[in-house]
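The values are calculated or read from the model by the stated rules, or taken from the named source; none is laboratory data. In this text, all values refer to a predicted model and were calculated from it rather than measured experimentally. Here the Cβ positions follow ideal geometry from the backbone for every residue, glycine too, while neighbour counts run over all protein chains shown.
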């Protein structure tokens, strides 16, 4: 394996991993605060891609249409997430919540199929990011680098939101003692809806951000499902940093696995999962 | 656990059986005056896009048949079923259509695995099965039988066509291939190599790449291909896979650095739209916009009126399948499997892709494979063949003896 | 009651058209599959997304033993159950170390692993094309014959499961679901039992798989995958995980939806999704649980009147 | 010497929850473990029963070292425990709660074929009798009032035919007469079956009523270990409870 392929592979692995990370981020947030495992999160990612495409399509021509549609898609998906949370609210038991979101995998998948499923959609990389940069003879697609940057930025923003703002303090308080927060006169339902919305927003935005590197079609959710939850689990449920580390591990294992034995790249990933969970059942940074 | 008392268990059992009785009224016996034809296709899962084109093609075909007075004077009813890429659903729906709806024809699903499973059912219960879209060669070879009819171009023929296409580029000295790593993809490359080596012994095949079906990340392949510096890349990636490859290869300028010859089925071309790389050549099974027959023109017109979009290869071949059945029924003066098969053995039929002949021994049609340069077309909004040359795939087919030997081997 | 159900079960193939017998078989196999799944979910409190793996492995093992080794179906069944048991033991050894969501994902990961193997090992498993022409032996080849065979096997299988759940072992599983810590402190090695139950569930899933392969005449990788793994989950939840008959009811409803709604619309999955959501939301005990409550209520009503 | 704890230490971060604790118990002892909240009593229990593993020290039971054994192994050495926060199997009936405890202690839990409901009825009955829950045998454990749950807890602990019984506040949340009843029960078990009992308790009348020996813990260490009378006298004890002034 030459140095060039190594670098290329590393970058593409990081890109793939960090797209997973963006989706896992929302999951981690939701789980951390509400201890709800939202199996339908990859479906929200798919929704983001489709919403985003059609928004982008309708604003065709504007220079910033892509960026605008990323934001709008995120917001649209955030609304979808809040609706999901509303349905989810009356459920107390964890298994129930998991399976309820599981039902929404079916529902969202078929609704997408019903309305837009008929074909593959593609949208070009936004102007300025469609080329590539050459560093020491190595060609690096600009957009991949951008994805790496933007996902880390998102993580940073979420972290700032949680650690530096009043809202963040409240949210973190809610993690430990809901009654206490309720005592302070904060409406927990609103707080939870907001948290779920933020989580969904990230997933939705990720959906459109990842779209220019491939196609938008039914089945996006299914192929996302396993890797994303693998990331969450081995990162340690609810841990941002853990999710980041895990997503990079998975991304790179997959990318280099392809070099070694393409058809078994997925298998490698599962081996890693098994190993990590045997050593640390609660995940890399999970609290046992 | 008091709740696990035998009485309650039995109560449940009886309840279930009762439920099964309640379902009885749903059994709609086939009533006279209409011929029921079935389409089983993978309308749930990754193949949905192709499956829907196929289903729409069937709808247009049945409308046309009814407009022309049905089959042997009987109105035709189309029953569409979803096999969801799962053999159990495919087989169960096949049995439903055969036993319950008394269909006379089943047009097969996208997935070769499901189609093979259904093929067994059709053989045993003597119902005609025509493929809606090409698939694994084992379908008409070792697992073939009188009731399976290979209408669209089989993998062997398709790869032969591709080989002819690749041999056109005179100044090419080295090439690589890339194909999805599953039965069909493997067969495409196998079928390609033998004839191509014959036509162009001078071309050195540097490597074959095998990404998995539905791969998201093609960067390793792209960089590896660039590292090999071939003059030609032969790709059988399709659907979302080809779109992903193109999108990821563009920044690396892959399409400027080598001649590309790709599997240009409509769904990925439509998906790519303007994004389609320039200067590539492709091969296809039934590129509707580029086949200039009057029948095709009227089909496209009808299809666009009904569906509001362009037909894809699957739409065309599925349409053909139903038309072939009508033709056969009229020849046999009957819609029953055995009679139909007897009449159609070795028959020559008119299709959207011109006249085709089914071979006596294995019901294999000599469908052409289309090749040509891909050019973006404003009117269509995606790249089409300009022009499309039809390659006769008859010569490449295995001889009847070979086929029979294969089938014998499979029996053992 | 018993007599009535037996009579109904016996005469049904002579009343129903052939396709409905096929559906009935699917339902019976589905209910055995779901029951085996519920050993994990309803009784031990373990949610497995990869349970189809053992169903699929069972089906593949039976098919290969019949096609490649040329064994008789009736011999292939116990053998494939044994093989699956071994595989479940290996996988279970790892899965028994984790609980809750980690368990769910780990089972899913192993399931996908087996899926990849099945669809890549062309020379052995036939790759994505799978294995076809796996017919039942002549004795049970007829439509009614196969139905009776399935009925008997499924009934015996269900009774075996019922027996296990009502044995000390079954009680132990209940303990683990109820309260892991207390189970430890009364001297139960929770991890060992999680392993054991994993194997037991796998073996029964394999039995269902063996029946499936001869009903379907073929098996392909999707029978191992995530989608198939969803079926017992839906069946169990809709039917009710806390009563023994729940999964059976669920299997009936699921089969009904999959094939009758499937005749009306291609969006059958949407319908199933909505039903699942509604049941979880409004009938936490599942439909079976709901029926049971009603029965209990009416029972009490009678008591009070007397 | 049936139980011997020596130099036991458990540290949570900066806090020495259990600090170099040593004491012994003889066959048939009835010992109370008291001390203000956060003295480390429950932690000590959890270390002995194997739910927490100590940083230092040994637990020797019947002459063998059981330190760091997993809980289920320790239970099989015949140490029964009843937790402070009721820790039962809510989804099972009272009868089944006792039954499974019996199965577990008799190593019957691997039995997959015989019908559990018919098994060990008498033994279960006896234990229910002993803890006075016979009439609620078939109610769901979860639906019982708190005091009854405590009794069930005790019953589960007894089902293991323990030689040493560890009770963490057996009377918490019980009314005066219930408390009296429970302590009578504890005393009876101790006297009739000669069962060695170590119990944590806050209700002083109870403690001084029945305990033959009292161990006082404070800030993780043992500050007194003697007969009730002499414990009363000790200055440290009074400090521990009443603060510095006195």
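Summary of computed values
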| read-out | value |
| --- | --- |
| Helices (runs of 4 or more DSSP H) enclosed by segment C:123-229 - at least 2 residues per element that are within 14 Å of chain D (Cβ to nearest Cβ) and under 16 Å from the mean Cα position of the chain (by Cα) | C:143-165, C:190-216 |
| Search result, residues across segment B:255-274 that are in contact (Cβ under 8 Å) with a residue 24 or more places away in the chain and more than 10 Å from chain A (Cβ to nearest Cβ) | B:255, B:257, B:258, B:259, B:260, B:261, B:262, B:263, B:264, B:265 |
| Subset of segment A:60-115 that is farther than 17 Å from residue A:31 by Cβ and not in a helix (DSSP H, G or I) - its residue that is modelled with the lowest pLDDT | A:61 |
| Of all residues making up segment C:95-109, the number that are more than 7 Å from chain A (Cβ to nearest Cβ), part of a helix (DSSP H, G or I) and touching a residue at least 60 places away in the same chain (Cβ under 8 Å) | 1 |
| Some residue of segment B:56-75 being touching a residue at least 24 places away in the same chain (Cβ under 8 Å), in the same structural domain as residue B:336 (by TED's automatic domain parsing) and at positive phi | yes |
| Hits in segment D:44-75 - residues which are over 17 Å from residue D:196 (Cβ atoms) and within 14 Å of chain C (Cβ to nearest Cβ) | D:46, D:47, D:50, D:51, D:52, D:53, D:69, D:70, D:71, D:72, D:73 |
| Set B:176, B:153: member being buried (at least 20 other Cβ atoms within 10 Å of the Cβ), modelled with pLDDT of 90 or more, touching a strand residue (DSSP E or B) at 6+ places or on another chain (Cβ under 6 Å) and farther than 26 Å from residue C:125 by Cα | B:176 |
| Condition broken by residue A:223, with the remaining ones in (1) touching a residue at least 24 places away in the same chain (Cβ under 8 Å); (2) in a helix (DSSP H, G or I); (3) under 30 Å from residue A:57 (Cα atoms) satisfied | (1) |
| Index of the failed condition, residue C:206 passing every other in (1) within 30 Å of residue D:94 (Cβ to Cβ); (2) surrounded by 24 or more Cβ atoms within 10 Å (Cβ to Cβ); (3) in contact (Cβ under 8 Å) with a residue 60 or more places away in the chain | (1) |
| Matching residues, segment B:116-131, being touching a strand residue (DSSP E or B) at 6+ places or on another chain (Cβ under 8 Å) and either part of a helix (DSSP H, G or I) or within 12 Å of chain C (Cβ to nearest Cβ) (or both) | B:118, B:119, B:122, B:123 |
| Which numbered condition residue D:95 fails, given (1) part of a helix (DSSP H, G or I); (2) touching a residue at least 40 places away in the same chain (Cβ under 8 Å); (3) facing chain C (nearest Cβ under 9 Å) | (3) |
| Residue in segment B:303-340 that is nearest to residue B:99 (Cα to Cα), counting only those that are over 21 Å from the mean Cα position of the chain (by Cα) and surrounded by 15 or more Cβ atoms within 10 Å (Cβ to Cβ) | B:337 |
| Qualifying positions in segment D:8-54 - surrounded by fewer than 14 Cβ atoms within 10 Å (Cβ to Cβ) and in a loop (DSSP other than H, G, I, E, B) | D:13, D:14, D:26, D:27, D:37, D:53 |
| Qualifying residue in segment C:78-94 (condition: surrounded by 20 or more Cβ atoms within 10 Å (Cβ to Cβ), within 12 Å of residue C:224 (Cβ to Cβ) and within 8 Å of chain A (Cβ to nearest Cβ)) | no |
| One residue from A:33, A:7 being touching a residue at least 60 places away in the same chain (Cβ under 8 Å), within 14 Å of chain B (Cβ to nearest Cβ) and part of a helix (DSSP H, G or I) | A:7 |
| Matching residues in segment D:137-164 - criterion: being away from chain C (no Cβ under 13 Å), part of a helix (DSSP H, G or I) and surrounded by fewer than 20 Cβ atoms within 10 Å (Cβ to Cβ) | D:143, D:146, D:147 |
| Filter pass, residue B:252 being more than 8 Å from every other protein chain (Cβ to nearest Cβ), closer than 17 Å to residue A:13 by Cβ and surrounded by 19 or more Cβ atoms within 10 Å (Cβ to Cβ) | no |
| Qualifying residues in segment B:56-74 (those that are touching a helix residue (DSSP H, G or I) at 6+ places or on another chain (Cβ under 8 Å) and not in a helix (DSSP H, G or I)) - the one farthest from residue B:311 (Cα to Cα) | B:72 |
| Qualifying residue in segment B:237-247 (condition: modelled with pLDDT of 90 or more, within 23 Å of residue A:13 (Cα to Cα) and away from chain A (no Cβ under 11 Å)) | yes |
| Helices (runs of 4 or more DSSP H) within segment B:133-229 that include 1 or more residues under 14 Å from the mean Cα position of the chain (by Cα) and in contact (Cβ under 8 Å) with a residue 24 or more places away in the chain | B:155-167, B:183-199 |
| Of the criteria (1) over 17 Å from residue B:335 (Cα atoms); (2) buried (at least 23 other Cβ atoms within 10 Å of the Cβ); (3) more than 7 Å from chain C (Cβ to nearest Cβ), which one residue B:86 fails | (3) |
| Qualifying residue in segment A:235-242 (condition: more than 14 Å from chain C (Cβ to nearest Cβ), within 26 Å of residue A:162 (Cα to Cα) and assigned to a helix (DSSP H, G or I)) | yes |
| Residue selected from segment B:275-297 under the condition assigned to a helix (DSSP H, G or I) and surrounded by fewer than 17 Cβ atoms within 10 Å (Cβ to Cβ), by the criterion farthest from the other protein chains (Cβ to nearest Cβ) | B:294 |
| Those residues of segment C:264-306 which are surrounded by fewer than 19 Cβ atoms within 10 Å (Cβ to Cβ) and farther than 25 Å from residue A:91 by Cβ, in sequence order | C:264, C:265, C:295, C:298, C:299, C:300, C:301, C:302, C:303, C:304, C:305, C:306 |
| Meets criteria (in the same structural domain as residue D:2 (by TED's automatic domain parsing) and assigned to a loop (DSSP other than H, G, I, E, B)) for residue D:69 | yes |
| Residue check, residue C:271 free of Cβ contacts under 8 Å to residues at least 24 places away in the same chain and under 16 Å from residue C:252 (Cα atoms) | yes |
| Answer residue from segment B:94-113, given it is within 19 Å of the chain's Cα centre (by Cα) and more than 7 Å from chain C (Cβ to nearest Cβ) and is surrounded by the fewest Cβ atoms within 10 Å (Cβ to Cβ) among those | B:110 |
| The lone exception for residue A:56 - which of (1) within 27 Å of residue A:192 (Cβ to Cβ); (2) in contact with a helix residue (DSSP H, G or I) (Cβ under 9 Å, 6 or more places away or on another chain) it fails | (1) |
